[in-house]
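J.: Here it is, the structure in full.
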Amino acid sequence: MNSISKEIAIIFIAMLPIAELRLALPMALNVYQMSIGEAFFWSALGNFLPIFFIVYLLEGVSHWLSERFYLFNRFFTWLFERTRRKHSKKFEIFKDMALVTFVAIPLPMTGAWSGSVAAFVFGIPPKRSLPLIGLGILIAGIIVASLSQGMGLLL
């Protein structure tokens, strides 16, 4: 029985929320012994693929669920209003850099999935948010690759 290729495995790992590029890139380098360029490419691609769909579909799905489920509408209206109230000043001050930085920092609860939700919550349109999230993914990739290689990329 053939197993899936290492490239497909890395893409799938990078597509997972929480794991994203932060897990896929070190696995590609250390488990699958990919070159840095190959590992970076497949990890970044896998991290970006679901983001395209999330950014474009989240509003429609949210609207559909809000119309049909009272509790969903009530909870998410409260959550989004609270989030906007607490963080909108930071997003207003830093604008696009806030989203890029949020995606680029390779810590738990940050990353492309969370950045896509943040873009939705703060009303950043998909055509504007996709390149910003993509830039954040690239920066996160550089950070994770550097850390995975013992900071060798930064020197």
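J.: What are the residues in region 36-54 that are surrounded by fewer than 16 Cβ atoms within 10 Å (Cβ to Cβ) and farther than 23 Å from G150 by Cα, if any?
T.: L49, F52, F53 - these are the residues of region 36-54 that are surrounded by fewer than 16 Cβ atoms within 10 Å (Cβ to Cβ) and farther than 23 Å from G150 by Cα.
J.: Which one of these does A19 not meet: (1) crowded, with 17+ Cβ neighbours inside 10 Å; (2) closer than 30 Å to G123 by Cβ; (3) at pLDDT 95 or above?
T.: (3)
J.: In this structure, does L16 turn out to be in contact (Cβ under 8 Å) with a residue 40 or more places away in the chain and under 15 Å from A140 (Cβ atoms)? Before you say what the answer is, go through the steps one by one.
T.: Working: in contact (Cβ under 8 Å) with a residue 40 or more places away in the chain: no; under 15 Å from A140 (Cβ atoms): yes.
In short, no.
J.: For I4, state whether it is outside any loop (DSSP other than H, G, I, E, B) and either crowded, with 16+ Cβ neighbours inside 10 Å or of a type in the set (A, V, I, L, M, F, W, C) (or both). Talk me through it step by step, then tell me what you get.
T.: Details: outside any loop (DSSP other than H, G, I, E, B): no; either crowded, with 16+ Cβ neighbours inside 10 Å or of a type in the set (A, V, I, L, M, F, W, C) (or both): yes.
Considered against the rule, which asks whether it is outside any loop (DSSP other than H, G, I, E, B) and either crowded, with 16+ Cβ neighbours inside 10 Å or of a type in the set (A, V, I, L, M, F, W, C) (or both), I4 comes out as no.
J.: Would you tally the residues in region 23-70 being out of contact with any helix residue (DSSP H, G or I) (no Cβ under 8 Å at 6 or more places or on another chain), among the aliphatic types (A, V, I, L, M) and more than 22 Å from P131 (Cβ to Cβ)? Give the steps one after another, and end with the answer.
T.: Residues of region 23-70 that are out of contact with any helix residue (DSSP H, G or I) (no Cβ under 8 Å at 6 or more places or on another chain), as a first pass: 31, 33, 35, 37, 41, 53, 57, 60-61, 63-64, 68-70.
Now narrow it down to the ones that are among the aliphatic types (A, V, I, L, M): 31, 57, 61.
Filter again for more than 22 Å from P131 (Cβ to Cβ), leaving 31, 61.
Going through region 23-70 one residue at a time, the tally reaches 2.
J.: Residues that are part of a loop (DSSP other than H, G, I, E, B) and of a type in the set (V, I, T): does region 14-22 have at least one? Give the steps one after another, and end with the answer.
T.: From region 14-22, those part of a loop (DSSP other than H, G, I, E, B) are 16-19; that's our starting set.
Narrowing the set further to residues that are of a type in the set (V, I, T) leaves 18.
Yes.
J.: Would a scan of region 7-14 turn up a residue that is surrounded by 14 or more Cβ atoms within 10 Å (Cβ to Cβ), farther than 21 Å from L132 by Cα and among the acidic types (D, E)?
T.: yes
J.: Assess whether L57 counts as being surrounded by fewer than 17 Cβ atoms within 10 Å (Cβ to Cβ), of a type in the set (A, V, I, L, M), in a helix (DSSP H, G or I) and under 22 Å from the mean Cα position of the chain (by Cα). Lay out the reasoning, then the answer.
T.: Numbers: surrounded by fewer than 17 Cβ atoms within 10 Å (Cβ to Cβ): yes; of a type in the set (A, V, I, L, M): yes; in a helix (DSSP H, G or I): yes; under 22 Å from the mean Cα position of the chain (by Cα): yes.
Spelling it out, L57 is indeed surrounded by fewer than 17 Cβ atoms within 10 Å (Cβ to Cβ), of a type in the set (A, V, I, L, M), in a helix (DSSP H, G or I) and under 22 Å from the mean Cα position of the chain (by Cα).
J.: Out of the residues in region 56-107 that are of a type in the set (D, E, K, R) and within 30 Å of A145 (Cβ to Cβ), which is modelled with the lowest pLDDT? Break it down stepwise before answering.
T.: Filtering region 56-107 down to residues of a type in the set (D, E, K, R) leaves 59, 67-68, 74, 81-82, 84-86, 89-90, 92, 95-96.
Pick out the ones that are also within 30 Å of A145 (Cβ to Cβ) and you get 90, 95-96.
Details: K90: 70, K95: 76, D96: 88.
Among residues in region 56-107 that are of a type in the set (D, E, K, R) and within 30 Å of A145 (Cβ to Cβ), the one modelled with the lowest pLDDT is K90.
J.: Continuing with this model, one more query. For region 72-124, give me each residue that is small (G, A, S) and farther than 30 Å from S43 by Cβ.
T.: Taking region 72-124 as the starting set, the residues that turn out to be small (G, A, S) are 88, 98, 104, 111-112, 114-116, 118-119, 123.
Hit for region 72-124 is S88, nothing else.
J.: Would you check if L154 is out of contact with any Pro (no Cβ under 8 Å at 6 or more places or on another chain), closer than 26 Å to L25 by Cβ, at pLDDT 85 or above and not small (G, A, S)? Even if it seems obvious, please write down each step before you answer.
T.: Details: out of contact with any Pro (no Cβ under 8 Å at 6 or more places or on another chain): yes; closer than 26 Å to L25 by Cβ: yes; at pLDDT 85 or above: no; not small (G, A, S): yes.
No: the conditions fail for L154.
The values are calculated or read from the model by the stated rules, or taken from the named source; none is laboratory data. Quantities reported herein were computed from a predicted structural model and do not represent experimental measurements. Neighbour counts run over all protein chains shown; Cβ positions are idealised from the backbone, glycine included.
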